[in-house]
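Worksheet: the structure to be examined is printed underneath.
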Amino acid sequence: MDFEYLIELFFSGLTRGSIYALIALGYTMVYGIIGLINFAHGEIYMIGAFTAFIVATVLSIYGLPLFAVLLLAAVAAMIWAAAYGFTVEKLAYRPLRDAPRLSPLISAIGMSIFLQNYVLLAQTSEFLSFPELIPEFAFLEPYAYVIGSTDFVILVTTAVIMGILTWLIKFTLLGKAMRATAQDKTMAALVGINVNNVISATFVIGSALAALGGLLIASHVGQINFFIGFIAGIKAFTAAVLGGSALFQVPCWAASSSVSPRPLPLAMSPVITKMCLPFPSWS
């Protein structure tokens, strides 16, 4: 086999794998916190791609610069998908949190089918041509046979996102609250963490990452349809299983202190509540 062809296949696989990794992060985060396999996550990815398609098409009509179209489409897709993730968690999963494990699983599959057919009816069953939002970079021209501009953007974006997510989980108050909730929801609530807020934030972050992946892969492939979420979701779920779900495995006291290994007394719970709730209270 030609060595250049082998390198080309390597970067092609790395590009696709990066997208699956972005989607798999959502699976891993949700499973790590509530032990639920969110089978509707692939459809959130698909909705993000369709949102980016609609926004990019509208903005292109007004003649905005390509970079501005890409940025605004990405922001809109992430916000819209995050809203869907938050709503799905609140309507389909939160009422079944204490139910037998089969119940939320059935709910997740049902939500996946519902979202898939919702987009089918609201849009079309045909493939749609996705606009090219990533321009060709001059410095990559000598290596165009190995890696293209979209491949480069996908790889860099994935690396940056994973770095930011690692920092978020390890060094921020929200990340500590996530890790505490993942280990023991009851103890996390006892030290003042709003468990519902933390779980909702996890769905929001995972959905936003899936939408970003949907935009990038749609721009790379050049077409979308209502079924892309199911295929990508299955592959990303496989990646999540292979990668493991140990994203949040730390002691519960990490939510209240990053230095002392001793948990704070319950009398301090109002202080911890203020620390661990960067979001307003959602009831």
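The values are calculated or read from the model by the stated rules, or taken from the named source; none is laboratory data. Since the structure is predicted, the reported quantities are computational estimates derived from the model, not experimental observations. Quick reminder, even Gly has a Cβ in these numbers, built from the backbone with ideal geometry, and neighbours come from all protein chains shown. Surface areas here come from the heavy atoms of the whole protein model, side chains and all, with no ligands, DNA or RNA. Shrake-Rupley method; radii C 1.70, N 1.55, O 1.52, S 1.80 Å.
Got a sec? Which of 70, 91 is modelled with pLDDT under 95 and either among the polar types (S, T, N, Q) or surrounded by fewer than 16 Cβ atoms within 10 Å (Cβ to Cβ) (or both)?
Details: 70 fails: either among the polar types (S, T, N, Q) or surrounded by fewer than 16 Cβ atoms within 10 Å (Cβ to Cβ) (or both).
That would be 91, the only listed residue that is modelled with pLDDT under 95 and either among the polar types (S, T, N, Q) or surrounded by fewer than 16 Cβ atoms within 10 Å (Cβ to Cβ) (or both).
Given 91, 128, 121, 70, which one is within 21 Å of residue 52 (Cα to Cα) and free of Cβ contacts under 8 Å to residues at least 12 places away in the same chain? So that I can check it myself, show each step before the final result.
Details: 91 fails: within 21 Å of residue 52 (Cα to Cα); 128 fails: free of Cβ contacts under 8 Å to residues at least 12 places away in the same chain; 70 fails: free of Cβ contacts under 8 Å to residues at least 12 places away in the same chain.
Checking each option against the conditions leaves just 121.
Can you pull out the residues in segment 221-236 that are surrounded by fewer than 21 Cβ atoms within 10 Å (Cβ to Cβ) and assigned to a helix (DSSP H, G or I)?
Passing the criteria: 221, 230, 231, 234, 235.
Out of segment 120-146, which residues are touching a Ser or Thr at 6+ places or on another chain (Cβ under 8 Å) and closer than 21 Å to residue 213 by Cα?
Answer for segment 120-146, where residues must be touching a Ser or Thr at 6+ places or on another chain (Cβ under 8 Å) and closer than 21 Å to residue 213 by Cα: 130, 131, 132, 133, 134, 135, 136, 137.
Filtering segment 127-168 down to residues that are open to solvent by less than 30 Å² (accessible area, probe 1.4 Å) and outside any helix (DSSP H, G or I), which residue is nearest to residue 6 (Cα to Cα)?
146
Do we find a residue being of a type in the set (A, V, I, L, M), open to solvent by 70 Å² or more (accessible area, probe 1.4 Å) and under 18 Å from the mean Cα position of the chain (by Cα) anywhere in segment 6-24?
Checking segment 6-24: not a single residue is of a type in the set (A, V, I, L, M), open to solvent by 70 Å² or more (accessible area, probe 1.4 Å) and under 18 Å from the mean Cα position of the chain (by Cα).
List pairs: first residue in segment 136-158 and acidic (Asp, Glu), second residue open to solvent by less than 30 Å² (accessible area, probe 1.4 Å) anywhere in the structure, Cβ distance under 6 angstrom, at least six positions apart or on different chains.
136/149; 151/15
Given the conditions (1) open to solvent by less than 10 Å² (accessible area, probe 1.4 Å); (2) without any contact (Cβ under 8 Å) to a residue 40 or more places away in the chain, which single one is not true for residue 46?
Unmet condition: (2).
Out of (1) open to solvent by 70 Å² or more (accessible area, probe 1.4 Å); (2) touching a helix residue (DSSP H, G or I) at 6+ places or on another chain (Cβ under 8 Å); (3) more than 27 Å from residue 156 (Cα to Cα), the odd one out for residue 31 is which?
(3)
Return yes when residue 102 is open to solvent by 50 Å² or more (accessible area, probe 1.4 Å), in contact with a helix residue (DSSP H, G or I) (Cβ under 8 Å, 6 or more places away or on another chain) and either modelled with pLDDT under 90 or not charged (D, E, K, R) (or both) and no when it is not. If you could, list the steps in order and put the result at the bottom.
Working: open to solvent by 50 Å² or more (accessible area, probe 1.4 Å): yes; in contact with a helix residue (DSSP H, G or I) (Cβ under 8 Å, 6 or more places away or on another chain): no; either modelled with pLDDT under 90 or not charged (D, E, K, R) (or both): yes.
Spelling it out, it is not the case that residue 102 is open to solvent by 50 Å² or more (accessible area, probe 1.4 Å), in contact with a helix residue (DSSP H, G or I) (Cβ under 8 Å, 6 or more places away or on another chain) and either modelled with pLDDT under 90 or not charged (D, E, K, R) (or both).
If you go through segment 192-218, how many residues are buried (at least 22 other Cβ atoms within 10 Å of the Cβ) and either touching a Ser or Thr at 6+ places or on another chain (Cβ under 6 Å) or at positive phi (or both)?
1
Return only the number of the condition from (1) open to solvent by less than 80 Å² (accessible area, probe 1.4 Å); (2) touching a residue at least 40 places away in the same chain (Cβ under 8 Å); (3) closer than 25 Å to residue 18 by Cβ; (4) part of a helix (DSSP H, G or I) that residue 79 does not satisfy.
(1)
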